[in-house]
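Novice: This is the structure I want to talk about, given as structure tokens.
The values are calculated or read from the model by the stated rules, or taken from the named source; none is laboratory data. Note that the structure is predicted; figures quoted are calculated from it, not measured. Cβ atoms come from the backbone with ideal geometry, glycine included; neighbour counts cover every protein chain shown. Please note that ligands, DNA and RNA were not included when accessible areas were found on the heavy atoms of the full protein model with its side chains. Shrake-Rupley method; radii C 1.70, N 1.55, O 1.52, S 1.80 Å.
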Amino acid sequence: MGVEVDLSGGMPGIVVVGLPDTAVQESKERVKATLKNSGYAFPMRKIVINLTPADLRKEGPSFDLPISVGIMAASEQVSGQLLGDYLFLGEVSLDGSLRPVAGVLPIAAAAQKMGIIGLVVPQDNAQEAAVVEGLAVFGFANLSQVAEFLNQPEKFSPVEVNTKQLLQRSQFTGQDLHDVKGQSFARRALEIAAAGGHNLIFVGPPGSGKTMLARRLPGILPPLEFAEALEVTQIHSVAGLLKERGTLVCDRPFRSPHHSASGPSLVGGGSFPRPGEISLSHHGILFLDELTEFKRDVLDFLRQPLEDGYVTISRTRLSVTFPAQFTLVASTNPCPCGYYGDTLQPCTCSPRQRESYWAKLSGPLMDRIDLQVAVNRLKPEEITSQPTGETSAMVRERVQLARERSQHRFQAEKSISCNAQMQSRHLHQWCKLDEGSRMLLEGAIRKLGLSARASDRVLKVARTIADLAGEEHLQAAHVAEGVQYRTIDRMQ
């Protein structure tokens, strides 16, 4: 997008064209006040401001600074020599100060690809934009400093950010897996999910530790690489959440929307689309606690992003695609009363009630969840005992090694970063079965009634189990363990 300013004779005033929204229309008054209060003259002429391209709707206060600079340059109050090589972005206050705006990082990345030399932004956005390499970023506190920069650019130096140091400072300090008592089967499932990027659901009675386990998954995930961190940061920048996360998002996101969340809040939306929870979970975790409490039509919104890794939001005048490569982690009770299969308290639900309860979750959605784990309540002696499990750091080391093995395998496949993202053609290549493993899987398909998609998920999990064991080829034991994580299939 660009801003063109023309000064001509006629009745003094400002006309903004190019499909501006209300916030852009109101910039006329903000710009007029900020120029006067900053000590610059506001031209008493007819001013036409054209926002290009004319057929794309413009929104937000980001156009305040370029409009101000355009008027100052057109009235010869500042030099216009740099305007063709620099991009200006920011909101102006009535006193001349510059306020930060959302979405600066993706704009900076796009500017760098377009060959623009530099970017001029409010001071509070400078560190964010400077993450993009090969782009000179200048941050200023007020309009007067921007004017001085345009007249004497040699007096200023661009902002610099050491991205390597930012990533090195990233150390997970959240909840540790060592705090979990017992639950060895669930802990193993967490490790497999982290190593292969597999979707996971915990099924168990209230108080069994489902949520506690899920919230410890981020602590065993491998750290973000710079390219991944840049993608995540851009999404949070567009959503206006970067101030909460800092200059660069260095930790994998963990989003946990309430079960009252709507479909648009998950996938994104609005007249000018903004990313939803699934995109904010990109390269991280989307945790849905009490999964069966979500509306079925809301959960069905997850099916396409889980399969494709992105979500497309279409509007009349534009279509926006947001990345959504996330790991879905969910928890739910096994029945309405919560105690079906519990050894300590009997279930009071009828078979029809249990069937209706699970009907809230569609078969295609459950097929896309690789690991389905039953979590039982702890015995009294386990509750009073001291934690004896491994720490998150110890498990993370194994996860990192498994990820490195899989990434080495996928080095020629740019679209794949973990086992969960494999397609059918990849399974034929990297998940070959010997006779014993094939017969074992066929038996499981018959007994559990697994769909073709669910059987592929078993193979992906088995591939991750083999990677954790340092094995190149799948063995019957890997497939057998993969089948054990189809709890819901065995319950139904």
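Novice: Have a look at A73, A108 and point out the one that is outside any loop (DSSP other than H, G, I, E, B), in contact (Cβ under 8 Å) with a residue 12 or more places away in the chain, crowded, with 23+ Cβ neighbours inside 10 Å and among the small types (G, A, S).
Specialist: Values: A73 fails: crowded, with 23+ Cβ neighbours inside 10 Å.
The match here is A108.
Novice: Spot the failing condition for V373; the list is (1) open to solvent by 70 Å² or more (accessible area, probe 1.4 Å); (2) in contact with a helix residue (DSSP H, G or I) (Cβ under 6 Å, 6 or more places away or on another chain); (3) not hydroxyl-bearing (S, T, Y), and only one is missed.
Specialist: V373 satisfies all of (1) open to solvent by 70 Å² or more (accessible area, probe 1.4 Å); (2) in contact with a helix residue (DSSP H, G or I) (Cβ under 6 Å, 6 or more places away or on another chain); (3) not hydroxyl-bearing (S, T, Y) except (1).
Novice: S157: surrounded by fewer than 21 Cβ atoms within 10 Å (Cβ to Cβ), assigned to a helix (DSSP H, G or I) and of a type in the set (S, T, Y), yes or no? Outline the logic, then answer.
Specialist: On the way: surrounded by fewer than 21 Cβ atoms within 10 Å (Cβ to Cβ): yes; assigned to a helix (DSSP H, G or I): no; of a type in the set (S, T, Y): yes.
Spelling it out, it is not the case that S157 is surrounded by fewer than 21 Cβ atoms within 10 Å (Cβ to Cβ), assigned to a helix (DSSP H, G or I) and of a type in the set (S, T, Y).
Novice: Please go through segment 233-278 and pick out each residue that is at pLDDT 90 or above, open to solvent by 40 Å² or more (accessible area, probe 1.4 Å), touching a Phe, Trp or Tyr at 6+ places or on another chain (Cβ under 9 Å) and outside any loop (DSSP other than H, G, I, E, B).
Specialist: Those that are at pLDDT 90 or above, open to solvent by 40 Å² or more (accessible area, probe 1.4 Å), touching a Phe, Trp or Tyr at 6+ places or on another chain (Cβ under 9 Å) and outside any loop (DSSP other than H, G, I, E, B): F254, R255.
Novice: Determine the pairs where a residue that is touching a residue at least 12 places away in the same chain (Cβ under 8 Å), located within segment 26-44, has a partner that is of a type in the set (D, E, K, R) with Cβ atoms under 7 Å apart, the partner being 6 or more residues away or on another chain.
Specialist: S27/D64; R30/D64; V31/D64; N37/D95; F42/K32; F42/K36
Novice: For segment 279-322, enumerate the residues that are open to solvent by less than 10 Å² (accessible area, probe 1.4 Å) and aromatic (F, W, Y).
Specialist: Selection gives F287, F294.
Novice: Please go through segment 189-208 and give me each residue that is over 23 Å from the mean Cα position of the chain (by Cα) and assigned to a helix (DSSP H, G or I), ordered by number.
Specialist: Within segment 189-208, the first condition is being over 23 Å from the mean Cα position of the chain (by Cα), and the residues that meet it are 203-208.
Answer for segment 189-208, where residues must be over 23 Å from the mean Cα position of the chain (by Cα) and assigned to a helix (DSSP H, G or I): there is none.
Novice: Among the residues of segment 287-301, are any under 17 Å from Q234 (Cα atoms), in contact (Cβ under 8 Å) with a residue 12 or more places away in the chain and not charged (D, E, K, R)? Walk me through how you get there before you give the answer.
Specialist: Within segment 287-301, the subset under 17 Å from Q234 (Cα atoms) is none.
Looking for residues that are under 17 Å from Q234 (Cα atoms), in contact (Cβ under 8 Å) with a residue 12 or more places away in the chain and not charged (D, E, K, R), one finds none in segment 287-301, hence no.
Novice: Also, quick follow-up: Could you identify the single residue in G276, G240, G268 that is on the phi > 0 side of the Ramachandran plot and touching a helix residue (DSSP H, G or I) at 6+ places or on another chain (Cβ under 8 Å)?
Specialist: On the way: G276 fails: on the phi > 0 side of the Ramachandran plot; G240 fails: touching a helix residue (DSSP H, G or I) at 6+ places or on another chain (Cβ under 8 Å).
None of the other options fit; the residue is G268.
Novice: Restricting to segment 403-429, and then to whatever is in contact (Cβ under 8 Å) with a residue 24 or more places away in the chain and more than 23 Å from the chain's Cα centre (by Cα), can you tell me which residue is nearest to R188 (Cα to Cα)?
Specialist: Checking each candidate, the answer is R405.
Novice: Moving on to the next point. Can you tell me which residues in segment 133-148 are without any contact (Cβ under 8 Å) to a residue 60 or more places away in the chain and open to solvent by less than 50 Å² (accessible area, probe 1.4 Å)? Outline the logic, then answer.
Specialist: Of the residues in segment 133-148, the ones without any contact (Cβ under 8 Å) to a residue 60 or more places away in the chain are 133-141, 145, 148.
Hits for segment 133-148 are L135, A136, V137, F138, G139, F140, A141.
Novice: Keeping to segment 169-211, report how many residues are of a type in the set (S, T, Y) and modelled with pLDDT of 90 or more.
Specialist: Going residue by residue through segment 169-211, those that are of a type in the set (S, T, Y) are 170, 173, 184, 208, 211.
After this cut, where a residue has to be modelled with pLDDT of 90 or more as well, the list is 211.
So the answer is 1.
Novice: If you go through segment 111-132, how many residues are polar (S, T, N, Q) and either more than 24 Å from E231 (Cβ to Cβ) or without any contact (Cβ under 8 Å) to a residue 24 or more places away in the chain (or both)?
Specialist: Here is the first cut: in segment 111-132, the residues polar (S, T, N, Q) are 112, 123, 125, 127.
Filter once more, so that each one left must be either more than 24 Å from E231 (Cβ to Cβ) or without any contact (Cβ under 8 Å) to a residue 24 or more places away in the chain (or both): 112, 123.
Final tally of qualifying residues: 2.
Novice: With the structure loaded, tell me whether E133 is of a type in the set (D, E, K, R) and part of a loop (DSSP other than H, G, I, E, B) or whether it fails that test. Explain how you work it out, then say what you get.
Specialist: Numbers: of a type in the set (D, E, K, R): yes; part of a loop (DSSP other than H, G, I, E, B): yes.
Taking the combined requirement at face value, the residue satisfies it.
One line per residue, one yes/no per condition, for (1) closer than 24 Å to A359 by Cβ; (2) within 33 Å of the chain's Cα centre (by Cα):
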site	(1), (2)
C431	no, yes
M439	no, no
E442	no, no
K447	yes, no
A454	yes, yes
R457	yes, yes
A466	no, yes
E471	no, yes
I488	yes, yes
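Novice: Now a separate question. Looking for whichever is of a type in the set (D, E, K, R) and either loosely packed, with under 12 Cβ neighbours inside 10 Å or touching a Phe, Trp or Tyr at 6+ places or on another chain (Cβ under 7 Å) (or both) here; the options are D64, D55. Which one fits?
Specialist: Values: D64 fails: either loosely packed, with under 12 Cβ neighbours inside 10 Å or touching a Phe, Trp or Tyr at 6+ places or on another chain (Cβ under 7 Å) (or both).
So the residue among D64, D55 that is of a type in the set (D, E, K, R) and either loosely packed, with under 12 Cβ neighbours inside 10 Å or touching a Phe, Trp or Tyr at 6+ places or on another chain (Cβ under 7 Å) (or both) is D55.
Novice: Test each condition in (1) among the hydrophobic types (A, V, I, L, M, F, W, C); (2) within 20 Å of A129 (Cβ to Cβ); (3) at pLDDT 90 or above for L288 and report the one that comes out false.
Specialist: Result: L288 passes all but (2).
Novice: May I ask you to say which residue of K447, K460 is assigned to a helix (DSSP H, G or I), open to solvent by 10 Å² or more (accessible area, probe 1.4 Å), within 23 Å of L190 (Cβ to Cβ) and of a type in the set (K, R)?
Specialist: K460
Novice: Among the residues of segment 463-480 satisfying the criterion of being surrounded by fewer than 18 Cβ atoms within 10 Å (Cβ to Cβ) and of a type outside the set (A, V, I, L, M), which is nearest to L401 (Cα to Cα)?
Specialist: Filtering segment 463-480 down to residues surrounded by fewer than 18 Cβ atoms within 10 Å (Cβ to Cβ) leaves 469-473, 475-477, 480.
Filter again for of a type outside the set (A, V, I, L, M), leaving 470-473, 475.
On the way: G470: 9, E471: 12, E472: 13, H473: 16, Q475: 19 Å.
So, considering only residues that are surrounded by fewer than 18 Cβ atoms within 10 Å (Cβ to Cβ) and of a type outside the set (A, V, I, L, M), the one nearest to L401 (Cα to Cα) is G470.
Novice: Could you check how many residues of segment 212-227 are in a helix (DSSP H, G or I), modelled with pLDDT of 90 or more and open to solvent by 10 Å² or more (accessible area, probe 1.4 Å)?
Specialist: Summing the residues that are in a helix (DSSP H, G or I), modelled with pLDDT of 90 or more and open to solvent by 10 Å² or more (accessible area, probe 1.4 Å) in segment 212-227 gives 2.
Novice: Of (1) at pLDDT below 90; (2) open to solvent by 20 Å² or more (accessible area, probe 1.4 Å), E128 satisfies all except one. Which?
Specialist: Checking E128 against (1) at pLDDT below 90; (2) open to solvent by 20 Å² or more (accessible area, probe 1.4 Å), the one that fails is (2).
Novice: Considering only segment 386-416, state which residues are in contact with a Pro (Cβ under 8 Å, 6 or more places away or on another chain) and among the hydrophobic types (A, V, I, L, M, F, W, C).
Specialist: Step one: list which residues in segment 386-416 are in contact with a Pro (Cβ under 8 Å, 6 or more places away or on another chain), which gives 396, 399-400, 403.
Once the filter is applied, which keeps residues that are in contact with a Pro (Cβ under 8 Å, 6 or more places away or on another chain) and among the hydrophobic types (A, V, I, L, M, F, W, C), segment 386-416 yields only V399.
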